[in-house]
Amino acid sequence: MKLNLKNPLVVFDLETTGTNTSHDRIVEIALIKIMPDGEEIEKVRKINPTIPIPLEASLIHGIYDDDVKDEPSFRQVARSMAQFLEGCDLAGFNILKFDVPLLVEEFLRSDVDFEVDNRRLLDAQKIFHMMEKRNLTAAYKFYCDKTLENAHSALADTRATRDVFKAQIERYEGQSLTDMLGQELGTLENDMDKIHDLINQRMVDLAGRIVYNEKGLEVFNFGKHKGKPVSDILAQEPSFYDWMMKGDFPLDTKRKLTQLRLRNFNAR
């Protein structure tokens, strides 16, 4: 199918050091420029982020520090990149929440004025979510082939959820379960302990402010200490604990942080 384009459309994707648009950096960028006449131009290149790539990120995209040590920084390619994107609309998957904000940040850090106000931003994820509903009514129809009557009635919703849960186990039992990034988590079994471990294995607190890394260590999942072991920060910067306890964090997060603090204290 030929797209009806007024401007060239650049479909792009970023691989990065993390998910914080203020602090993380691009390590690889792939672009496909689709011209109004249907011609396509592909470009892909690795970028030296000038900061270490966390192991958690490398395990996802397969790009390590050694792979980019001789590559140019974004600042070095920013102007040629901006020229390639000049006059183009932008498209991708989840670009509105992540890729576009991070790309703009990288241009600004490189002193290149890159505006998106005059571009059409086309997010395939938004269309996916709009057209393929992910609410209980849609799940009930998909898994049970039934129409949910009296939706948002507590009892009707509870009965539907029960039926969906049973149907999910019946449908997926014995199949490999992966997360949103495609990482294999394990096999789905008709075992509540194992299901719990599969779908909750990364979060320490319910808000996800503290998570387990690939080594099973509790690490902070936000702010300046993102990715750093909680035990290290509590030992090196005791005031951080006090700041969190006085801050606007959920009580569950504060409780889990206190438990970790006591565990580390008793382990000395």
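The values are calculated or read from the model by the stated rules, or taken from the named source; none is laboratory data. These figures come from a predicted structure and were not determined experimentally. Cβ placement follows ideal geometry from the backbone for every residue including glycine, while neighbour counts extend to all protein chains displayed.
List of remarks:
- Taking the criterion of being of a type outside the set (D, E, K, R), loosely packed, with under 13 Cβ neighbours inside 10 Å and at pLDDT 75 or above, the residues of the stretch 178-195 that qualify are 178, 190, 192.
- Any hit, the stretch 37-44, residues being touching a helix residue (DSSP H, G or I) at 6+ places or on another chain (Cβ under 9 Å) and under 30 Å from residue 221 (Cα atoms): no
- Identity of the residue in the stretch 83-126, buried (at least 17 other Cβ atoms within 10 Å of the Cβ) and small (Gly, Ala, Ser), that ends up nearest to the chain's Cα centre (by Cα): 92
- Qualifying positions in the stretch 54-83 - within 16 Å of residue 25 (Cβ to Cβ), modelled with pLDDT of 95 or more and touching a Phe, Trp or Tyr at 6+ places or on another chain (Cβ under 7 Å): 78
- One residue stands out in the stretch 2-27 among those that are in contact (Cβ under 8 Å) with a residue 60 or more places away in the chain, surrounded by 18 or more Cβ atoms within 10 Å (Cβ to Cβ) and more than 13 Å from the chain's Cα centre (by Cα): the one that is farthest from residue 48 (Cα to Cα), namely 8.
- Filter result for residue 209 (among the charged types (D, E, K, R), at pLDDT below 85, touching a Phe, Trp or Tyr at 6+ places or on another chain (Cβ under 6 Å) and over 20 Å from residue 266 (Cα atoms)): no
- For the stretch 232-268, a residue qualifies if it is under 23 Å from residue 197 (Cα atoms) and either touching a strand residue (DSSP E or B) at 6+ places or on another chain (Cβ under 8 Å) or among the hydrophobic types (A, V, I, L, M, F, W, C) (or both), and the qualifying residues are 251, 253, 256, 257, 260.
- All positions within the stretch 185-222 that are in a loop (DSSP other than H, G, I, E, B) and within 19 Å of residue 58 (Cβ to Cβ): 202, 213, 214, 215, 216, 217, 221
- Residue that is surrounded by the most Cβ atoms within 10 Å (Cβ to Cβ), among those in the stretch 52-82 that are touching a residue at least 60 places away in the same chain (Cβ under 8 Å) and either in a helix (DSSP H, G or I) or touching a Lys or Arg at 6+ places or on another chain (Cβ under 8 Å) (or both): 60
- The C-beta contact set for the stretch 224-253 (first residue not assigned by TED's automatic domain parsing to the domain that holds residue 24, second residue small (Gly, Ala, Ser) and assigned to a loop (DSSP other than H, G, I, E, B), distance under 8 angstrom, 6+ apart or interchain) comprises 226/18; 227/18; 249/207; 250/207; 252/207; 253/207.
- Being farther than 30 Å from residue 213 by Cα and in contact with a strand residue (DSSP E or B) (Cβ under 8 Å, 6 or more places away or on another chain) holds for only one residue in 86, 40, 71, and it is 40.
- The lone exception for residue 156 - which of (1) touching an Asp or Glu at 6+ places or on another chain (Cβ under 7 Å); (2) closer than 28 Å to residue 57 by Cα it fails: (2)
- Among the residues examined, residue 34 does not qualify as loosely packed, with under 14 Cβ neighbours inside 10 Å and not charged (D, E, K, R).
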